[in-house]
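Report on the following structure.
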Amino acid sequence: MQAWSEEVLGKIVDKYQRSAALAADQGIIPYQGAQGRWIGAPWDGNSWWTGGFWPGLMWQLYGASGLPVFKQEALRVEELLVAELSRFELLNHDVGFMYLLSCGAHYRHDGDEEAKRNTLHAANLLAGRFNPVGYISAWNQNRPGWAIIDCMMNLSLLYWASEQTGDPRFDNIARIHADTTLREFVRPDGSCNHIVIFDPLTGEALDAPAGQGCAKGSSWSRGQAWALYGFAISYRYTGAARYLEAALRIARYFISRIRPDGLTDSDFRQPAGEERIDNIAAACASCGLLELAGMIEDKTESEAFRAAALRMLEAMTALCADFESVMPGILTKCTASYNDDGAGRHVNIMYGDYFFVEAMLRLAGREARLWFSDKRTGEEA
């Protein structure tokens, strides 16, 4: 397993040296790979929520290879993202993705104090979205009652901020939101809602629309992956058993829905026979499964989680990884949303590459743990 992952990483590093140089030449933050070029964000320019995955990927590859091209590219894009902090009206709940993987990774690698301040700035923006009735508000389109499963991954920024500052309010906000998510998003079978709409005055859950899934009550696979990895991260930071139990329930559900070919449907409840795959979900879930495998005592289940992650990664590598063409990305058959029948279906989307690389680094035993501080597990609470 380690030898195979090292071989795949070698191919990734070889291709991404060219791809990083191409992004610098284009002067953009890559979002999607096309023939011979990168495509930037579809909306909101450099404030688009996926912007941090590119410097995060560069820091991961720099940590793995030591090649200066990756660090240089990470710092180039970090400067663009920092400029967006002054235009906070375009930023949303995804500042964890944007700044923990860029400025936070810079601080982790180099101890740069300005990078640390910018990461803490982002944490304060995320904390400012907290509604005291129990959740962090998503998006910006006058939807004060909307919360989404994606935010479970962004809680890392708040846990990190509490550890860096000694201020428990960030940790408290993260736990309250995680508890609300556990209560209102996670179903008994381990599947999850993408969106829950709350009464912003009382905190009462009012509705759970389809979001990026195929229908109301469906099971959007990337939402399951956000929840799986997000609850594992919350357990890693807090030591709270309820978060581990949630992550395990979601993980078991996810594994039971992997396709016979090892790939992952865009929605686990999509119509039978419909070919809609999302490798972003599989790559992110692989990271979450490998995280869980390293923290549970049940050796049988730990090995089952590792085996499931390896199965998905092997399938993605064999069936969907492009190491040679002029398309600058690697992972194909990524799908932004179940109902996307255009440019966001079965294409390369850069944050799929991020999670694919993180998972490979995990298998090789040498990834940078960008979601975490150096502290590994908190106290039971």
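The values are calculated or read from the model by the stated rules, or taken from the named source; none is laboratory data. In this text the structure is predicted, and so the values were computed from the model without any measurement. No Cβ is skipped: glycine too gets one built from the backbone with ideal geometry, and neighbour counts run over all protein chains shown.
Below are the figures for this structure:
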read-out	value
Members of the range 325-363 found to be assigned to a helix (DSSP H, G or I) and of a type in the set (D, E, K, R), listed by number	D353, E358, R362
Output for the range 334-353, where each listed residue is buried (at least 24 other Cβ atoms within 10 Å of the Cβ) and under 22 Å from D261 (Cα atoms)	C334, T335, Y338, N348, I349, G352, D353
Hits in the range 173-200 (condition: of a type in the set (V, I, T) and either within 17 Å of S221 (Cα to Cα) or surrounded by 24 or more Cβ atoms within 10 Å (Cβ to Cβ) (or both))	I173, T181, V186, I195, V196
Selected residue (only one of I136, I149, I195 is touching a strand residue (DSSP E or B) at 6+ places or on another chain (Cβ under 7 Å) and either within 21 Å of F88 (Cβ to Cβ) or modelled with pLDDT under 95 (or both))	I136
Hey, S86 surrounded by 20 or more Cβ atoms within 10 Å (Cβ to Cβ), under 22 Å from R117 (Cβ atoms) and polar (S, T, N, Q) or not	no
Qualifying positions in the range 292-321 - farther than 18 Å from A246 by Cβ, without any contact (Cβ under 8 Å) to a residue 12 or more places away in the chain and not small (G, A, S)	K299, T300, E303
Selection count where residues are surrounded by 14 or more Cβ atoms within 10 Å (Cβ to Cβ) and either touching a strand residue (DSSP E or B) at 6+ places or on another chain (Cβ under 7 Å) or over 17 Å from E78 (Cβ atoms) (or both), scope the range 22-37	10
Complete set of residues in the range 102-131 that are out of contact with any Pro (no Cβ under 7 Å at 6 or more places or on another chain) and among the hydroxyl-bearing types (S, T, Y)	Y107, T119
Total residues in the range 265-295, condition farther than 16 Å from A227 by Cβ and basic (K, R)	1
Filter pass, Y99 being modelled with pLDDT of 95 or more, hydroxyl-bearing (S, T, Y), assigned by TED's automatic domain parsing to the domain that holds F198 and closer than 26 Å to Y235 by Cα	no
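Conditions tested, residue by residue: (1) among the charged types (D, E, K, R); (2) within 30 Å of A23 (Cα to Cα); (3) assigned by TED's automatic domain parsing to the domain that holds S256.
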site: I296; (1), (2), (3): no, no, yes
site: F305; (1), (2), (3): no, no, yes
site: A315; (1), (2), (3): no, yes, no
site: E358; (1), (2), (3): yes, yes, no
site: A368; (1), (2), (3): no, yes, no
